[in-house]
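The values are calculated or read from the model by the stated rules, or taken from the named source; none is laboratory data. None of these values were measured; they are calculated from a predicted model. A quick note on method: Cβ atoms are made from the backbone with ideal geometry, for glycine too, and the neighbour counts reach across all protein chains shown.
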Amino acid sequence: MNKVKLLVMRSVVACGLIAGGLLVVATSTASATSAKSCVSTQIAVSRGAAQGTAGTNYYALVFTNTRAVCTLFGVPAVQPVIGPTHRSLGPLARNESMGQMPAMHTLAKGQSVSVAFGVVDTGNFATATCGPRKARGVIVTLGSFVRPTYLNLPITVCTKLASTTTRLVAPGVTGA
């Protein structure tokens, strides 16, 4: 099975599990019940500012609504990739939001939400345990809200263990 298709399927299943098992809370003054779910053709994905902390660099992955008011929620699937065909490199980013309540975000045209995508310094691991390699970028998807989107992001990741993280989308463009 194509790795990108598998990535999309995993993200759709994860979003469905979140919506089916937890209460979803609106995060804006607009009524979440009156707005339709965002569709992949109206959400643009971009890379925001980067920040570093002890052993991890965080990159804001920004999701911007380009059309009519819509809603979205969840944890994006993020896969480091290499080469012109965007072949998967190492495991998907690990979800750091397990057990947290997802929020429904209602976005007007031009509004954004974001997530902090963490990349752990591969030097924190033994080379044999990590298997470090340079990725050319990442493929980002968010259930049915965001189609697989390539972002140029040169990073070094572990190929033998998860060295990248993601979490629930949050208001604004900082990933916080």
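Some values worked out for this structure:
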item	result
Some residue of the stretch 61-79 being surrounded by fewer than 22 Cβ atoms within 10 Å (Cβ to Cβ), under 21 Å from MET98 (Cβ atoms) and either under 16 Å from the mean Cα position of the chain (by Cα) or of a type in the set (D, E, K, R) (or both)	no
Tally, over the stretch 72-110, of residues that are among the hydroxyl-bearing types (Ser, Thr, Tyr), touching a residue at least 40 places away in the same chain (Cβ under 8 Å) and farther than 16 Å from VAL140 by Cβ	1
Top-ranked residue of the stretch 147-176 - restricted to ones that are closer than 20 Å to PRO91 by Cβ and β-branched (Val, Ile, Thr), ranked as nearest to the chain's Cα centre (by Cα)	THR166
Any hit, the stretch 40-51, residues being at pLDDT 80 or above and farther than 27 Å from LEU153 by Cβ	no
Hits in the stretch 127-161 - residues which are modelled with pLDDT of 95 or more and among the small types (Gly, Ala, Ser)	ALA128, GLY131, ALA135, GLY137
Unique match (being in contact with a His (Cβ under 7 Å, 6 or more places away or on another chain) and of a type outside the set (D, E, K, R)) among VAL173, VAL169	VAL169
Condition met for THR149 (among the polar types (S, T, N, Q) and farther than 16 Å from CYS70 by Cβ)	yes
Scan of the stretch 162-176 for residues that are surrounded by 15 or more Cβ atoms within 10 Å (Cβ to Cβ) and farther than 23 Å from MET104 by Cβ, ordered by number	SER163, THR164
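Yes or no, residue by residue, for (1) in contact with a Ser or Thr (Cβ under 6 Å, 6 or more places away or on another chain); (2) at pLDDT below 95:
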| site | (1), (2) |
| --- | --- |
| ALA30 | yes, yes |
| GLN79 | yes, no |
| LEU92 | no, no |
| GLY110 | no, no |
| VAL119 | yes, no |
| GLY123 | no, yes |
